[in-house]
Structures are given as C-alpha cells and as structure tokens.
C-alpha cells in the first residue's frame, strides 16, 4: 500500500507539473520523486503520467486519482488533530483571483486563521476559468472566482460571497486630453480593456453595452492590478470591478467617474465540488461573508 508521504508527493507533482519542482517542495531529489511515482504506478497497476521532456502530465487515470487521494490525505490529517469541537485544521489548497486577495477574501482568511490556528491555507493566484477545471479535477479544494457566465459541470457549485460594481476609472494626470463626459472619455481616450475572453471581460462588454459606449481600443490585459497601475500612470482609462476594501476614493492618482445606466456588478463567490472533504472550511468562509452582509444590512436599517 502506498505510504502517506508518497501520496503527498503525488499531489505535489500534480500541482507543480515536474518531478524536480515537487522534489524541491518535499525535500527530495527529482530522481527520488520519479522512483516514488514509478512505485505508485506499479502498486496501482497502471501509468498515471504522460512523460515527456522536463514536464510530466497527468493522464486520464492520474486525473481520476487526484480527488480521492486528496480526500484520503485530508482525512488522515484530521486524525492527527486533537478533538476541539468545531476547530478547523489541516491544509486547504485554494485558488483565488489576485484582486480578491487584495480585499475582502484576504480579510476572511485572516479572520479564520485567527479562530483556527491549526488551519493551513495554500493559495494559488490565477483566472476564474482556469480554476474551474482544477476544482472539478480535485486539484484545488475550492476557488474564489467571478460568477461563471457559462453552465458549470454538474459536480460543481458556486455560492456568491460579495458584489463589486463595474466602474470607469480615469487618471488624475492623464497623458492625453480628458473630456468631461464619461461617454466621450470612453470614445476618445485609450481604453485599457480586461481580456474579453475571461469571465470579467464579459462583464466589461456588458457594461459598455448598457451605456451604449464606443471605445478607443488600447491595450488588452488579464489583470485588474496591471490595468489600475497603467491608469494611475496616466496611460489610459478602463472599466473594472470596484474592488472590495480598496479605497479608490482616496487615491491620489485616479478617480472613479459614474457611468450612466450601468448596473453591472461582478459577483465574486466560492466554487467547490458538491461533495468534498473540506466542506467545513468552505462553510466557514460562506458564513463569514453572510455575517458581514447581515451586519451591513442591519447598519443600513439603523
């Protein structure tokens, strides 16, 4: 039977994509990792990887093994924890939008970590569409992503956590003439567009359609942070989500301009499998945001 360490190494290889990188992470040589993976394949009676060059890629059998191995290791880690009622522990591997890590989600993780010191969270930054496939395969326990514009696989579920309005941001010191009217700004200023193939890119298109705006196409990027940096430096304007917990109203280099008739919001939520071994953790994340929303609602009614 494979050892726990071999199974941990297997997951590390699937996450990092090479024996060398996995070896550095677990303290083994690439050759030792390769021998462990060969032994695992021998015990299971089937190959798990397509090997070529310096990279190893999971084959169909290997992909099918990721989720059950992860569940097995999660349960093993849970056995090592002292009985502490609702205490969370062990390691959770999550994907998250970089913009989410800058704001509300980072606060939620910090609060959970203070409540549950035995909890370890490994975060991987990336794009929503990429995370969906990795959560479905079991490589990630969950991911914080934009609401999917397409139908999800039946084994996944998405739960909304918070919303961010789509807003027009412009530089306070532009390298171009900045008209006073927002629609003229979009028509005449270099437009820094969020990658239209991404889920957030679909929302930018929807916002432009709502206000019936034409844009002067400039650069196309897949990072809110990069777009904001370019706008701050005066190189263009953009429509982006107004990131939760980021105080753009106090920003000395950019300003928010209201867009007429635009009601589009980016809904940010938690993507997870319908059944998995880290449901107590994902439930705690959802409860944190639900409590925050309830507190804001109560404050608004006071």
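The values are calculated or read from the model by the stated rules, or taken from the named source; none is laboratory data. Here the structure is a predicted model, which means the values were calculated and not measured. Methodologically, a virtual Cβ is constructed for each residue, glycine included, from the backbone with ideal geometry; neighbour enumeration extends over all protein chains shown.
Return only the number of the condition from (1) surrounded by fewer than 19 Cβ atoms within 10 Å (Cβ to Cβ); (2) touching a residue at least 24 places away in the same chain (Cβ under 8 Å) that residue 181 does not satisfy.
Tallying (1) surrounded by fewer than 19 Cβ atoms within 10 Å (Cβ to Cβ); (2) touching a residue at least 24 places away in the same chain (Cβ under 8 Å), residue 181 fails exactly one: (2).
Being assigned by TED's automatic domain parsing to the domain that holds residue 9, modelled with pLDDT under 85 and surrounded by 14 or more Cβ atoms within 10 Å (Cβ to Cβ): is that true of residue 56 here?
Working: assigned by TED's automatic domain parsing to the domain that holds residue 9: yes; modelled with pLDDT under 85: yes; surrounded by 14 or more Cβ atoms within 10 Å (Cβ to Cβ): yes.
The answer is yes for residue 56.
Kindly indicate whether residue 296 is more than 30 Å from residue 176 (Cβ to Cβ), outside any loop (DSSP other than H, G, I, E, B), at pLDDT 90 or above and not assigned by TED's automatic domain parsing to the domain that holds residue 173.
no
Give the residue, chosen from 145, 170, that is under 30 Å from residue 216 (Cα atoms), surrounded by 14 or more Cβ atoms within 10 Å (Cβ to Cβ) and in the same structural domain as residue 206 (by TED's automatic domain parsing). Spell out the reasoning first.
Working: 145 fails: in the same structural domain as residue 206 (by TED's automatic domain parsing).
Criteria check complete, one pass: 170.
Does the range 107-136 hold any residues that are part of a helix (DSSP H, G or I), under 22 Å from residue 222 (Cβ atoms) and touching a residue at least 40 places away in the same chain (Cβ under 8 Å), and which are they? Full working, then the answer.
Of the residues in the range 107-136, the ones part of a helix (DSSP H, G or I) are 107-115, 128-136.
Within this subset, residues satisfying the condition of being under 22 Å from residue 222 (Cβ atoms) are 128-136.
Within the range 107-136, 128, 129, 131, 132, 135, 136 qualify.
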